[in-house]
Amino acid sequence: MLSQQAIAQTVTALWKSNQYDLPEDFKTFLQEQHDKETSELGKAHLKANLDAVASASARSMPFCADTGLLTYYVGLGTAVIGEIEGGYQALEQTLREVSAEVTSEIPLRPNAVHPLTRHNPNTNQGPGCPDIKVRVLPDADYLEITNVAVGGGPELVGSKFTVLPPTAGEKGVRKFVVESTINLVRLGATCSPNLVGVGLGGTFETCTRMAKEAAILRPVGDRNPDSELARLENQLMDDILRLKLGPMGMGGATSAFDVHLEMAYCHMATLPVAVYLQCAAMRRTTVRMYADGRVESLPLSSWMERDS
Amino acid sequence: MKSVHLKSPISGEALRTLDAGDSVTISGYLFTCRSLTYDRLIDPEGGEGVRNRLKELGAETVFHSGPLVKEGPDRAEMIAMVPMPSWLAGREKIEKAVGLLDLKVIIGKGMLEGLEEFCKRSGCVHLVCAGNYNEYASRVTRVIDCAWPELGRPEAMWIVEVDALGPLIVDADTKGKSLYQGIDEEFKADAAALLDELGIDLD
């Protein structure tokens, strides 16, 4: 049996590691780029990031003041659903309660406000907050939880959606992605370098969801298994690096962590494209819990693993 | 590029030696401000009490930030304090507050178009952060006060004392120059071929 108390303890610990340190792929990238960045200002920005993470980890404190909107990607193994104390409803309740508890315990910045009145309950709780996404994992004997803190930069200005004419083709997609990146990074509008997620095709919400998940759930250096889509990822990365926008838009070789693209078929009258620019403050952590009480930390979420 | 330490009270002369691109650290009193906080601060009557308090302290710096603060039983502790984009606050509000409080330093993130002209006219500077996130909170030696807590902890105004807060980078200096403007000219030249290939017109 997976008790709600055990789940709450595990998720609380997960939020701490989520906020105190960067994922390994991001940290390694920043260090490597810092060592080879030739722009003086670019190097200074990367050094400030690395110093801040080292200092925050040592003090057990969040490394960025924007501790994000709290998001859960939950993988429910079919073989473990019956083992969850109180069932799924109790699990969701636990995830909501933990969000408020860690907000005061860690502490996290209370970011969730009413869109019109701007009322802030100071708990990171409200309609839609925390954001909980669920996927059923056939035959899996574990509950997998990925915590992601999504900052205001990517959510506020770092995202764009459009529907291009159906025959705009690859060049139209490149134009939209490059133009969006310029508008979002130039003059320091958002915190670059970014991990650029691109959603290609799908319906309105599938397109934007793919862009966001490609940016936040796939590791630096990952390529789409479809070789044509992988080629387009490389093309877009080359395009963005040619802009030399650099860290904080101040110029340099480090303009992006990577470009990740996800594709879904779309309506024949459309060519939807979405872009999501994840900032350098990536907070992504994953854990698996088994019915026998075992807890396993994972470097990556399995959320993006393809079914076929 | 040179490194400069500014200590309150900051003289006009010290500000005039700064050039866009210089690295700056700063000591003295500052207050955090976001868009809703500015509305309160510049309100002719509602903001008067807080404005008087800031003047008494000699606060000369506004920091565009929604910090992460831990409130203890005796005192509040600054956990993380990173700048937010200055354009989120809005230029009119910033200019009004600078005028009302005779501020010398504006700290934020990114370029705010037209602010370089204002800095030239009023003799103040716009500094931007190093990095996306940074160690600035560790430079806060004391949390003095919190105004308008009903706005929510991040949107409230936090008045703090800092020692060698930095490194910060001069964006707009007192001579009408903006670091980002110079960088943008280089960007347009470097990216011209790709922009042309993809048919992108910059505004």
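The values are calculated or read from the model by the stated rules, or taken from the named source; none is laboratory data. Only a predicted model underlies this, so the values are computations on that prediction, with no experimental measurement involved. Methodologically, a virtual Cβ is constructed for each residue, glycine included, from the backbone with ideal geometry; neighbour enumeration extends over all protein chains shown. Quick note on the areas: whole protein, heavy atoms, side chains included, nothing else; ligands and nucleic acids left out. Shrake-Rupley method; radii C 1.70, N 1.55, O 1.52, S 1.80 Å.
General observations
- Under the span-like rule (Cα at least 20 Å along the axis, Kyte-Doolittle mean at least -1.0), DSSP H helices of chain B: B:179-198
- 20 Å-binned pair-distance histogram of chain A (Cα, whole percent): 32, 58, 10
- Taking a ≥ b ≥ c as the square roots of the eigenvalues of the Cα gyration tensor, an a/c ratio of 1.5 or more together with a/b no larger than b/c marks segment A:81-239 as oblate.
- Against the rule of thumb 2.2 N^0.38 Å, how large the Cα Rg of chain B comes out: 1.05
- Alpha-carbon centroid distance for the pair segment A:22-90 / segment A:96-175, whole angstrom: 15
- Of the solvent-accessible surface of segment A:153-278, computed with a 1.4 Å probe over protein heavy atoms with every protein chain present, carbon and sulfur atoms account for 58 percent.
- FRET efficiency, 1/(1 + (r/R0)^6) with R0 51 Å, evaluated for A:E92 and B:D203 via beta carbons: 0.70
- Disulfide-incompatible cysteines by the Cβ rule (no partner under 4.7 Å) in chain A: A:C64, A:C129, A:C207, A:C266
- Distance in nm between pseudo-label sites at A:E105 and A:S17 (7 Å out along the Cβ direction from Cα): 1.6
- Projected label distance in nm at A:Q235 and A:E205, using a 7 Å step from Cα toward the beta-carbon: 3.1
- Legend: calculated FRET efficiency, A:S227 to B:E150, from the Cβ-Cβ distance at R0 = 60 Å, rounded to 0.05, equals 0.60.
- For B:K96, the lysines whose Cα falls under 28 Å of its own Cα, not counting residues fewer than eight places away in the same chain, are B:K7, B:K55, B:K104, B:K109, B:K120, B:K175, B:K177.
- Beta-bridge orientation, the protein assembly as shown: approximately 60 percent antiparallel, per DSSP, counting only bridges with both partners inside.
- Gain upon complete extension [B:R16, B:E71; 0.36 nm per residue less C-alpha separation]: 16.0 nm
- Two-site label geometry, B:S35 and B:D196: point separation in nm, points 7 Å out along Cα→Cβ: 3.9
- Over 32 Å (Cα to Cα) - which of A:K16/A:K133; A:K160/B:K2; A:K171/B:K2; A:K16/B:K188; B:K2/B:K70; A:K16/A:K175 fall in this group: A:K160/B:K2; A:K171/B:K2; A:K16/B:K188; B:K2/B:K70; A:K16/A:K175
- Other residues within the sphere of radius under 12 Å centred on the Cβ of A:C207, judged by their own Cβ, net out at 0 (K and R +1, D and E -1).
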